[in-house]
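Undergrad: So that we are looking at the same thing, I have put the structure below in structure tokens.
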Amino acid sequence: MKKLVVLILALCMLGSAAFAADLNWSDVEEAASQIAGEFKTFDEISVKIWIPDTLQAVELSDDDRENGYIGYFADENSAVAVQYVDMNGMSLEEYEAALKKDAEVSEIEAGTVNGLPALSYMLKEKDVACVAFTTEMGYILEVTCGKLSDENLSSVVAYIVSS
């Protein structure tokens, strides 16, 4: 079964929702409404991402911003990072080819999130899942969720990713 986030869902052992090849907020909105959280807006790209209240915003350093981080949310066990990086117009297919050369990256899957083409992949040694999108400006928008072994985070990864 070919799917963008099946790998994320399987690893996160989400039993509350099952997804096919596409992941859409409308599919998980009701379940997500049962968890305290809110949409955070990232002005750099006019995007909102749902973040559970258990993850608090971490102030970004100048170095973080230089490395493309536009948001970072964490608790004592897990984190969600949002990165927006200029990739000189790299397509999603080109980004996938580059990821395949990285020994840390595994389980790359193409799919769609809310109708947008996306890639999901794992960084197994770091216990994180990533979802990447390209933008019209030639940037990569990437949402990274980890520590997947943390039950609190693993139960909401699909909600974060699909938002």
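The values are calculated or read from the model by the stated rules, or taken from the named source; none is laboratory data. Treat the numbers as computed from the prediction; the structure is a model and nothing was measured. Cβ sites come from the backbone with ideal geometry, for glycine too, and all protein chains shown count toward neighbours. The area values use the complete protein model at the heavy-atom level, side chains included, leaving out ligands, DNA and RNA. Shrake-Rupley method; radii C 1.70, N 1.55, O 1.52, S 1.80 Å.
Undergrad: Taking amide H positions as placed in the peptide plane 1.01 Å from N, state which residues far from Asp75 in sequence (5 or more) or on other chains have amide H under 5 Å from it.
TA: Gln56
Undergrad: So, one more: Whenever you get a sec, compute what percent of the accessible area on the range 34-163 sits on carbon and sulfur atoms (1.4 Å probe).
TA: Summing carbon and sulfur atoms, their accessible area is 45 percent of the total for the range 34-163.
Undergrad: Would you kindly find the accessible area of Phe42, with a 1.4 Å probe and non-protein molecules such as ligands, DNA and RNA excluded, rounding to the nearest 10 Å²?
TA: Using a 1.4 Å probe on the heavy atoms, I get roughly 10 Å².
Undergrad: With a 10 Å radius around each residue's Cβ, average the other Cβ atoms per peptide and rank 122-129, 142-149, highest first.
TA: The densest-packed peptide leads the list: 142-149, 122-129.
Undergrad: Taking Cα pairs under 8 Å and at least six residues apart, what relative contact order does the chain come out at, in percent?
TA: Here the relative contact order equals 27 percent.
Undergrad: Moving on to the next point. Excluding ligands, DNA and RNA, what is the solvent-accessible area per residue of the range 32-163 at a probe of 1.4 Å, expressed in Å²? The partial results should precede the final answer.
TA: Values: 7020 Å² over 132 residues.
Accessible surface, normalised per residue, equals 53 Å².
Undergrad: Give me the number: length gained by fully extending Thr135 to Asn67, i.e. 0.36 nm times residue separation minus the C-alpha to C-alpha distance, one decimal in nm.
TA: Result: 22.8 nm gained on full extension.
Undergrad: So for the chain, if I pair up every lysine 8 or more residues apart or on another chain, how many of those pairs have alpha-carbons under 16 Å apart?
TA: Lysine pairs satisfying the spacing and distance rule in the chain number 5.
Undergrad: May I pose another question? Please list the equivalent ellipsoid semi-axes of the chain, computed as the square roots of five times the alpha-carbon gyration tensor eigenvalues, in descending order and whole angstrom.
TA: On the way: eigenvalues 92, 75, 49 Å².
Semi-axes from the Cα gyration tensor: 21, 19, 16 Å.
Undergrad: Select from Gln34, Ala132, Gly115 the residue farthest towards the positive end of the dipole of the chain; place +1 on Cβ of Lys and Arg, -1 on Cβ of Asp and Glu, and compute about the Cα centre.
TA: The listed residue farthest towards the positive side: Gly115.
Undergrad: Further, regarding this structure: Could you derive backbone 3J(HN,Hα) for the range 83-97 from the dihedral phi with the Karplus parameters 6.51, -1.76 and 1.60 (θ = phi - 60°), listing whole Hz in sequence and x where the residue is Gly or Pro?
TA: Using θ = phi - 60°, the values come out as 10, 10, 10, 6, 10, 6, x, 4, 6, 5, 5, 5, 5, 4, 4 Hz.
Undergrad: Looking at the chain, what % of its DSSP beta bridges pair antiparallel, to the nearest 5?
TA: 95
Undergrad: Let me ask something additional. So for each of 150-156, 74-80, 101-107 I average, over its residues, the number of other beta carbons within 10 Å; can you give me the resulting order with the highest mean first?
TA: Going by the mean number of other Cβ atoms within 10 Å, highest first, we get 150-156, 74-80, 101-107.
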